[in-house]
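To keep things clear, I will list the structure first and then write my remarks on it.
Bear in mind that the values in this text are calculations on the coordinates, not laboratory data. These figures come from a predicted structure and were not determined experimentally. Every residue, glycine among them, receives a Cβ derived from its backbone with ideal geometry; neighbour counts consider all protein chains shown.
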Amino acid sequence: MAEKYRICITLLSLLVVCVCLMKATVEARLTQIVQRTRFNGPITFLAVGDWGRKGAFNQSAVALKMGEIGAKLGIDFVVSTGDNFYKHGLTGVNDSAFTESFTKIYTARSLQRPWYAILGNHDYHGNTEAQLNPALKRRDRRWNCHRSYIVRAGFLDIFFIDTTPFVTKYFAKVNKFNWKGILPRNRYLSNLIRDFKTSLRTSKATWKIVVGHHPVRSIGARGDTSELLQLLLPILQANKVPIYINGHDHCLEHINNTGVPIEFLTSGGGSRAWSNVSHRERLKNNLKFYYDGQGFISVQLTRRAANIVFYDVYGKPLHTINLKK
Ligand SMILES: [Zn+2]
């Protein structure tokens, strides 16, 4: 009898170990980075997108003001919303564009913090794996770029999601995009959606922010991304994500009250802007702010409140959002 009892206990223990291991594997599928934060202090970061032009189109001017605002706020890190290197990403890990568009541009002391980047559609024109390669971190220790990943920063979790493979029209231009590591596309997307859902659902963070290159909602030149409205928005909604940040449209904008309690923020003014094309009639009742020009945003979070500010190329605050938990 005692022998049977021992076997039962052993089998039960094995089962518990297996379930724990399975759970750990499921939860750990997206790469996770832990960002150090100040004890009980606010978490502060800047977000900029669509920037890498070797300083041209006011990239350097935006960088200068990012440095000043970054110092004033004492930022913890910087988020890049993608289209990091124009016009065709990087050619390889030794591409000089990395130094000329990143290291030599964002030189302010306050910006010598970790940068968390994702790929944009222009990055997919080049050697995507070069931007993801740890060798770049050896060239500039600030650089962190993965396709989809989580940055855990105290009471904040930021979920970076690789939105370019969602966009169907890009797959018609087979030779323009580097789909290495993405095909077959359906499998890539279904795995990503599954892992993204699991990560959001199991996150214990007070604030969950999602960052993607493409907008879910936008009145800019490019507008809404229908694939994200269909596939991503329901997940953001189900997991009560309060803030989605994107680039792609070369502007600054804030859209809300679209039927879901999500603030949609575009920060795509890192260099070339002034497209002079917008579609204000599409979301005229939901548009809180739109600036067809260069700039960036700051996000400052405490456990109970969020303060978000949009700045132009002169560092002038143009629009502020205050949210409460
Ligand atoms: Zn883009």
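So here's what we get for this one:
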{"quantity": "Fluctuation leader among Leu231, Leu252, Leu111 - the chain, Gaussian network, Cα springs under 10 angstrom", "calculated": "Leu231"}
{"quantity": "Overall form of region 224-325 per C-alpha gyration tensor (a/c, 1.5; a/b vs b/c)", "calculated": "oblate"}
{"quantity": "More than 26 Å apart - percent of Cα-Cα pairs taken over the chain", "calculated": "46"}
{"quantity": "Approximate spin-label separation Lys176-His279, in nm, with each point projected 7 Å along Cα-to-Cβ", "calculated": "1.7"}
{"quantity": "In sequence order, calculated HN-Hα J values of region 104-116 (Karplus, 6.51, -1.76, 1.60; Hz; x Gly/Pro)", "calculated": "7, 9, 9, 8, 4, 4, 5, 8, 7, 10, x, 10, 10"}
{"quantity": "Efficiency of FRET between Val260 and Ser96 - r from beta-carbon atoms, R0 30 angstrom, step 0.05", "calculated": "0.10"}
{"quantity": "Across Lys54/Lys180; Lys104/Lys176; Lys87/Lys173; Lys65/Lys208, pairs whose alpha-carbon gap is larger than 20 Å", "calculated": "Lys54/Lys180; Lys104/Lys176; Lys65/Lys208"}
{"quantity": "Percent antiparallel among DSSP beta bridges (both partners in region 188-325, rounded to 5)", "calculated": "75"}
{"quantity": "Counted charge near His248, where neighbours are those whose Cβ lies closer than 15 Å (Asp, Glu -1; Lys, Arg +1)", "calculated": "-4"}
{"quantity": "Theoretical gain in end-to-end length, Asn239 to Lys288 [0.36 nm per residue, Cα-Cα removed]", "calculated": "15.3 nm"}
{"quantity": "Sum of side-chain charges, Leu64 neighbourhood, beta-carbon under 14 Å (Lys, Arg +1; Asp, Glu -1)", "calculated": "+3"}
{"quantity": "Region 49-98, relative contact order in percent, only Cα pairs under 8 angstrom and at least six apart counted", "calculated": "55"}
{"quantity": "Convex hull volume of region 34-100 per residue (C-alpha atoms, cubic angstrom)", "calculated": "102"}
{"quantity": "From phi via Karplus (6.51, -1.76, 1.60), per-residue ³J(HN,Hα) for region 48-57 in Hz, x at Gly/Pro", "calculated": "9, x, 6, 10, x, 10, 6, x, 6, 6"}
{"quantity": "Antiparallel bridges, percent of DSSP beta bridges restricted to the chain (to nearest 5)", "calculated": "55"}
{"quantity": "Region 258-325, relative contact order in percent, only Cα pairs under 8 angstrom and at least six apart counted", "calculated": "24"}
{"quantity": "Under-5 Å amide H pairs with Asp312, H placed in peptide plane, nonlocal only", "calculated": "Leu318"}
{"quantity": "Per-residue HN-Hα couplings for region 320-325 [Karplus 6.51, -1.76, 1.60; θ = phi - 60°; Hz; x = Gly/Pro]", "calculated": "10, 10, 10, 10, 10, 8"}
{"quantity": "Computed over region 31-324: relative contact order in percent, which uses C-alpha pairs under 8 Å that are six or more apart", "calculated": "21"}
